[in-house]
Amino acid sequence: MTTSYLSTNINAAQLSDSSMVQVCELVGNTKFISTNYQQVLQKIIQSYLNYESELDISSYKVSPSYAMSLHLAAIKTTPELSYIDNSITYSTAKEQGQTYLVKLKPHYIYSKEQAKKIIQEYHSAADFYLNQVKDNLSVCNDDFSKALLLHDELILENRYQLSGSSPYTLMVKHFGKCEDYTRTYAYLLGQLGIHTEIISSQNMNHEWLRAKLDGKYYNIDVTWDDPTPDKPGFANHDYFLLSDSANYDHYGFCCINSTDKKYDNSRFHSYISKMCKVNSTEKAVYATDSTNKKIVKYNYVTNAAQTIIDLKDSVWSAGGRAIWPGIYTGLDMYNGILYYNTADAIYAYNPNNKTINKVSGNSYSYQYYGLRIRNGKLYGVTAASPNVSGNEVFIKSLVPNNPTSIKLNKTSLTLVKGSSETLTASIAPANADNKTVTWTSSNTKTVTVNNGKITAVSAGTANITAKTSNGKTAVCQVTVKNPQIAVSGVSLNKTSLCLGKGESFVLKSDILPSNATNKTVTWTTSNNKVAVVSEGKVTAKENGTAVITVKTNNGKTAKCTVTVQKAPSSVTLSKNTVNLGVGESFSLSSSVNYGSACAVCTYQTNNSSILKMTSTEVTGSFKALKTGTAYVTVKTYNGKQAVCKVIVKSAPTWISMDKKSITMKVGQTASVSSYIASNAGCATKTYRSSDSSIVKMTKTDGTGEFKALKAGTAYVVVRTYNGKEATCKITVKR
């Protein structure tokens, strides 16, 4: 159904769905029902909800004979429309010999604003029923138990009254006649997804209901099941789920037949208290067997009853030694606990552990004969005798006094790693039943918490949450900082530095200890005409000397003496030509002309496929990758450069000494040299002694020079970069 303005601010209860409720007067005309009924009915209902003064239905070509039936069907299937009179005015037209309805004009009893209020109050009151059975609905997973719950709630909450009644008065003010009971019951069942049919009997001047449970229709007469005069706490079940044959005292109607006799002979027809669903798995309810003075667990599938509580001694006194012949007890359930009464007390039965606790004695003038739970509040029903209406007396609230809020003494907190602090939680109201608080940390690597005591583990942030038993929370954001660790010292990567005019160099500071909290440093120069410094970068300005100082936040200092000379006019390399073998590494150094300076020279190769640079500052180191010729260029900061030619040949496959053996005396010196194949390259050869106590090497590259230390035999070994070796035997005599 399209929502109208009148359906705003509706909570759990919603507008009636007319597709869930059928009206038996129109069922007979199958052709009309199947083609137009639902569409026309929806249009009429929507028009009435929108408080329209007239409605054009000419396009449906509906016979005038259906005007009243459609009008009443709209009202019956939508009990919120209590602001509309049962009468209707309509206009007709005739076309090709057929007369049809053109416009319907309803008669509104109340103003538009009053109508809006009626609907809002209707739905608000409906929420009471739906919430009243909420605890039980959680276990009501079949149509039987849903229909039973609402049947009993309507009976317990309302009284039969003819004058001034309507579906609105039954829902909101708790009194009404048969059609009000029926339409309200149909509406509530529709809210739970159960399809119903409203049955009217003009002969009986009566309405009752047929409900479709598990695919089959059954008669339910809520009105006749409500005791008259009203008896709070009592609910009959004589006319609950009967077939047509069992419902024989209802007559004068024509509608869908109810032939299923499944419940005709069920025990529950004799039960006179509210019946409460046991759980979600069993097809059973708790009920009062008044005849046998028992509270039973009744299985509505097998029709078997099991005794739960024997009430044989719970009899009524009529004064003196006389007693009433039956027992009078009401049943109700809240949060899974079954409540019942005897003449002098109210008890609570826990089905889980089968324990019985006394809830309240009777300090009133009359005896209990029933009880009622409404909105979580327990009421006892007292009366002088079962022949008169009783009075409800408040016993106690069954709703737990849960916390409504929780508050922490701090919402933010900063701690130093390793420290602790205890948070305190305040719960409102002060008399809450359960003041248990659960503490959690969003990041236990940063902060842990135990019963409100928080401990800072590591730097970072975490949220500490305090949670009540019913889910109310409060949060404190905790920031953990590391302890303040003072700087003990600072050093520089250079203590002295020689720069050429215009050259820059970056000094780097090293703070001790490495985990010092504040590593901020400031840089200063003793002579900004000679050298300036910014963030450690020193720039030479003029010839001279300046001292660069780095200072920590707590006053620790380190210094570097900077000497500025003129810019170099030339640069030279340690080698102009180098012969290498494939895979050999080599380093070049450079120098600038006298009287000038260059702190850093950069090196590069013109062919990285032949030479791979492994160091490009201070010294130029490289490795030969394949045969060929390449050039290594060194360049100063001001663009002066020099070049070394590098010839790469094959790696040597052998090496040979110029001497195979030498005989010498103690104290004498000698030398050897070596050579390789002409097509091989090797820039450096290294020499060593096999026994340095006999022969001591005095030169180990280029040529091998050595000295005889004592008599004996040793070998001088020459080795290429790629592991090729040759030896010369050295014999030392005295």
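The values are calculated or read from the model by the stated rules, or taken from the named source; none is laboratory data. Everything quoted here is computed from the prediction, not taken from an experiment. Here Cβ is always computed from backbone atoms with ideal geometry, including for glycine, and neighbour counts include all displayed protein chains.
Taking the listed residues I346, I373, I356, the one that is among the β-branched types (V, I, T), under 50 Å from the mean Cα position of the chain (by Cα) and closer than 21 Å to L154 by Cβ is I373, with no other qualifying.
Restricted to segment 373-445, the set of strands (runs of 3 or more DSSP E) holding at least 2 residues that are closer than 24 Å to A345 by Cα comprises 377-383, 391-397. Of all the listed residues (V538, V547, V532), the sole one being assigned by TED's automatic domain parsing to the domain that holds E503, part of a strand (DSSP E or B) and in contact with a Phe, Trp or Tyr (Cβ under 7 Å, 6 or more places away or on another chain) is V538. Here the condition is being of a type in the set (F, W, Y), part of a loop (DSSP other than H, G, I, E, B) and out of contact with any helix residue (DSSP H, G or I) (no Cβ under 8 Å at 6 or more places or on another chain); of Y347, Y364, Y368, it holds for Y364 alone.
One line per residue, one yes/no per condition, for (1) in contact with a strand residue (DSSP E or B) (Cβ under 6 Å, 6 or more places away or on another chain); (2) not basic (K, R):
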residue	(1), (2)
S615	yes, yes
K623	yes, no
Y631	yes, yes
S661	yes, yes
A670	yes, yes
K685	yes, no
R688	yes, no
S692	no, yes
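Selection of first residues in segment 648-673 that are surrounded by 13 or more Cβ atoms within 10 Å (Cβ to Cβ) and of second residues that are among the acidic types (D, E), restricted to Cβ pairs under 9 Å at least 6 apart or on distinct chains, gives the following pairs, ordered by first then second residue: V648/E584; A651/E584; I655/E725; A670/E705; S671/E705; V672/D658; V672/E705; S673/D658. As a summary of the residue check, V21 satisfies the conditions (1) touching a Gly at 6+ places or on another chain (Cβ under 8 Å); (2) at pLDDT 90 or above except for the one numbered (2).
Restricting attention to segment 174-209 and to residues that are of a type in the set (D, E, K, R) and within 15 Å of L150 (Cβ to Cβ), the residue that is surrounded by the most Cβ atoms within 10 Å (Cβ to Cβ) turns out to be R183. Looking for something surrounded by fewer than 17 Cβ atoms within 10 Å (Cβ to Cβ), of a type in the set (V, I, T), at pLDDT below 90 and under 19 Å from L156 (Cα atoms) - is there at least one such residue anywhere in segment 223-241? Yes, because at least one residue in segment 223-241 is surrounded by fewer than 17 Cβ atoms within 10 Å (Cβ to Cβ), of a type in the set (V, I, T), at pLDDT below 90 and under 19 Å from L156 (Cα atoms).
I118: hydrophobic (A, V, I, L, M, F, W, C), crowded, with 17+ Cβ neighbours inside 10 Å, at pLDDT 90 or above and at negative phi, yes or no? Spelling it out, I118 is indeed hydrophobic (A, V, I, L, M, F, W, C), crowded, with 17+ Cβ neighbours inside 10 Å, at pLDDT 90 or above and at negative phi.
When segment 703-722 is filtered for residues that are over 15 Å from L580 (Cβ atoms) and assigned to a loop (DSSP other than H, G, I, E, B), the ones remaining, listed by number, are T703, L709, K710, A711.
Please go through segment 674-683 and give me each residue that is over 13 Å from A651 (Cβ atoms) and either in a loop (DSSP other than H, G, I, E, B) or aliphatic (A, V, I, L, M) (or both), ordered by number.
The initial filter retains those residues of segment 674-683 that are over 13 Å from A651 (Cβ atoms), namely 674-675, 678.
Hit for segment 674-683 is S678, nothing else.
Residues considered: V388, V393. Of these, the only one that is out of contact with any strand residue (DSSP E or B) (no Cβ under 9 Å at 6 or more places or on another chain) and closer than 27 Å to M275 by Cα is V388. For segment 241-252, residues that are under 23 Å from T288 (Cβ atoms) and over 46 Å from the mean Cα position of the chain (by Cα) total 2.
Contact map, segment 500-515: first residue in a loop (DSSP other than H, G, I, E, B), second residue of a type in the set (V, I, T) and at pLDDT below 95, Cβ cut-off under 7 Å, separation 6 or more or different chains; pairs are P513/I485; N515/I485.
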